[in-house]
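Heads up, the thing below is written out as structure tokens.
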């Protein structure tokens with residue numbers, strides 16, 4: 001993992017959830033047709049407001065699931081057992097709305113995600129998880 005990635009990774013004690021949006025390699029490119037990637041990111045940021053930190057990162061190495069969004073719990077959510085949730089194929093505005101609703105309700109560890117998000121959830125390799133969640 002690069003030094004830059006380590007510096008920008010959220011601390012384990014983040015006061016609010018962190019939403020990491022992949023915008024490298026395949027995510028956020030014409031490789032995923034029919035989606036306005038700029039609008040998706042703008043809408044996500046506006047919808048969560050101050051309820052979460054939204055950050056953009058380069059390739060999360062889950063290209064077969066573009067567009068990828070990772071929702072990391074707040075410190076309170078982590079204490080309650082919440083763990084990062086990886087969501088792939090987030091290529092529909094309704095999916096983005098479901099994600100923002102869940103985050104505004106507290107996110108991982110605080111409240112269960114809408115059932116529809118089960119269709120998007122996946123587990124990346126341990127190597128990929130470690131790169132994003134290196135603390």
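Please count how many residues of region 57-85 are within 20 Å of residue 98 (Cβ to Cβ) and surrounded by fewer than 16 Cβ atoms within 10 Å (Cβ to Cβ).
The number of residues fulfilling the criteria is 1.
May I ask you to list the residues in region 45-72 that are under 14 Å from residue 91 (Cβ atoms), assigned to a helix (DSSP H, G or I) and touching a residue at least 40 places away in the same chain (Cβ under 8 Å)?
Hit for region 45-72 is 65, nothing else.
Quick one: residue 42 ticks every box in (1) over 22 Å from residue 129 (Cα atoms); (2) touching a residue at least 12 places away in the same chain (Cβ under 8 Å); (3) more than 12 Å from the chain's Cα centre (by Cα); (4) part of a helix (DSSP H, G or I) except a single one, so which number is it?
In the conditions (1) over 22 Å from residue 129 (Cα atoms); (2) touching a residue at least 12 places away in the same chain (Cβ under 8 Å); (3) more than 12 Å from the chain's Cα centre (by Cα); (4) part of a helix (DSSP H, G or I), residue 42 misses (2) alone.
For region 111-130, which positions are surrounded by fewer than 18 Cβ atoms within 10 Å (Cβ to Cβ) and not in a helix (DSSP H, G or I)?
Of everything in region 111-130, those that are surrounded by fewer than 18 Cβ atoms within 10 Å (Cβ to Cβ) and not in a helix (DSSP H, G or I) turn out to be 111, 112, 114, 121, 122, 123, 125.
When residues of region 20-38 are filtered for being more than 25 Å from residue 108 (Cβ to Cβ) and either assigned to a helix (DSSP H, G or I) or at pLDDT 90 or above (or both), how many remain?
Within region 20-38, residues that are more than 25 Å from residue 108 (Cβ to Cβ) and either assigned to a helix (DSSP H, G or I) or at pLDDT 90 or above (or both) number 1.
For region 99-110, give me the residue count where each residue is assigned to a helix (DSSP H, G or I) and either buried (at least 20 other Cβ atoms within 10 Å of the Cβ) or without any contact (Cβ under 8 Å) to a residue 12 or more places away in the chain (or both).
Total meeting the criteria: 4.
The values are calculated or read from the model by the stated rules, or taken from the named source; none is laboratory data. All figures in this text were calculated on a predicted structure; none of them were measured in a lab. Neighbour counts are summed over all protein chains in view; Cβ atoms, including those assigned to glycine, are modelled from backbone coordinates with ideal geometry.
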